[in-house]
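Read through the structure below, which is laid out as structure tokens, and then see the notes.
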Amino acid sequence: VQLQASGGGWVQAGDSLRLACTTSQRTPSHFVTGWFRQAPGKGREFLAGINGSGGSNAYSDSVKGRFTISRDKAANTVYLQMTGLNVEDTGVYYCALNPRMGGDWANAGEYDSWGQGTLVTVSS
């Protein structure tokens, strides 16, 4: 399965942005699609995840209440709606697939397919 992340760009603090992650084919319902962020000089940080049915999701504390993950099954696309962006949200955003049933959604090591990343730059 190939993933294509898009929607990044340059915004000002307080702005909103929506990222999209499109897969080349439909994935099983137990697969989790996760969004991660890699800030300059830092490791990949889990932001949000959603299962294949769209009925379950999870967020990191750093984005809870500001970011919303959703899925359009017909379009094989997962969205990350980001609001209230701040400078600390700057980084490359990646989407990825975790095929492990009952796995740890926040563990980047469990994700075996990754998109190419899309850059988000937030200026003050």
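Surface composition of the chain: carbon and sulfur atoms hold 47% of the protein heavy-atom accessible area at a 1.4 Å probe. A straight chain from ASN107 to SER62 at 0.36 nm per residue would run longer than the Cα-Cα distance by 14.6 nm. Positive end of the dipole of the chain (Cβ unit charges, origin at the Cα centre): among ASN86, ASN107, THR22, the Cα lying farthest that way belongs to THR22.
Averaged per residue, the range 51-123 has 46 square angstrom of accessible surface, using a 1.4 angstrom probe with ligands and nucleic acids left out.
The Cβ shell under 15 Å around ALA75 holds other residues with a net charge of +3, Lys and Arg each +1, Asp and Glu each -1.
Calculated on C-alpha atoms, the gyration radius of the chain divided by its Kirkwood radius gives an Rg/Rh of 0.94. Summing charges over all other residues whose Cβ lies under 14 Å from the Cβ of THR23, with Lys and Arg as +1 and Asp and Glu as -1, gives +1. For the chain, a crude dipole built from +1 on the beta carbon of Lys and Arg and -1 on the beta carbon of Asp and Glu, taken about the Cα centre, is about 220 debye to the nearest 20.
Which net charge results for the neighbourhood of ARG37, defined as the other residues with beta-carbon distances under 11 angstrom from its beta-carbon, given Lys and Arg at +1 and Asp and Glu at -1? Once all neighbours under 11 Å are counted, the net charge is -1.
The values are calculated or read from the model by the stated rules, or taken from the named source; none is laboratory data. These figures come from a predicted structure and were not determined experimentally. Positions of Cβ are backbone-derived with ideal geometry, glycine not excepted, and every protein chain shown enters the neighbour counts. Surface accessibility is based on the protein's heavy atoms, side chains included, excluding ligands, DNA and RNA. Shrake-Rupley method; radii C 1.70, N 1.55, O 1.52, S 1.80 Å.
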